[in-house]
Amino acid sequence: MFPIKARGALSLLRAVKKPRFLRLNTTTTTDYEPPRIEKSINSVQLLGRVGADPQKKGTEEHPIAVFSMATHTNYRYESGQFLQRTEWHRIVCFKPGLRETILNFLKKGQRVHVTGRITYGEVKGDDGTARSTTAIAADDVIFFNSAEQKRK
């Protein structure tokens with residue numbers, strides 16, 4: 001074991017609670033293959049409802065489909081009061097076939113299952129200020145028919 005130096009409780013607390021900074025979109029390039037490549041997991045699954053009809057964004061060369069999705073969690077307090085908390089997610093799709101299917105068939109209010117990965121980025125506003133963003137990059141989307149769609 002490593003020897004532990006005696007410190008006061010306050011200085012130990014300061015050492016443990018150092019602020020950590022998140023690096024966004026770090027890329028490393030080398031001319032050689034490293035001897036050991038680590039595996040990692042970045043996987044997200046969401047089941048919820050589409051918040052608005054999908055939009056086509058990006059450029060003509062690199063179009064993307066973007067839509068919002070709501071998921072919710074239900075709580076019941078000891079008093080019996082019921083609470084539903086809704087989380088909103090930004091979903092982006094880069095895959096050409098899936099992107100076109102989303103743009104053509106996905107509608108507001110439709111129940112959908114999204115599998116993908118979480119992505120972080122930075123967007124510059126009209127005033128030039130940088131703003132951090134979080135989105136789910138969809139790898140697969142499963143559409144569920146609503147009762148209204150079955151009747152049509």
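The values are calculated or read from the model by the stated rules, or taken from the named source; none is laboratory data. Predicted, not measured: the structure shown is a model, and the values here were computed from it. All Cβ positions, even for glycine, are placed from backbone atoms using ideal geometry, and neighbour counts span all protein chains on display.
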For this session: Could you pull out every one of the strands (runs of 3 or more DSSP E) wholly within segment 50-141 that has 3 or more residues that are loosely packed, with under 12 Cβ neighbours inside 10 Å?
Result: 63-76, 82-93, 111-124
Exercise. Got at least one residue in segment 93-106 being in contact with a Ser or Thr (Cβ under 7 Å, 6 or more places away or on another chain) and under 18 Å from residue 45 (Cβ atoms)?
Worked result: no
Exercise. Yes or no: residue 24 at pLDDT below 90 and surrounded by 10 or more Cβ atoms within 10 Å (Cβ to Cβ)?
Worked result: yes
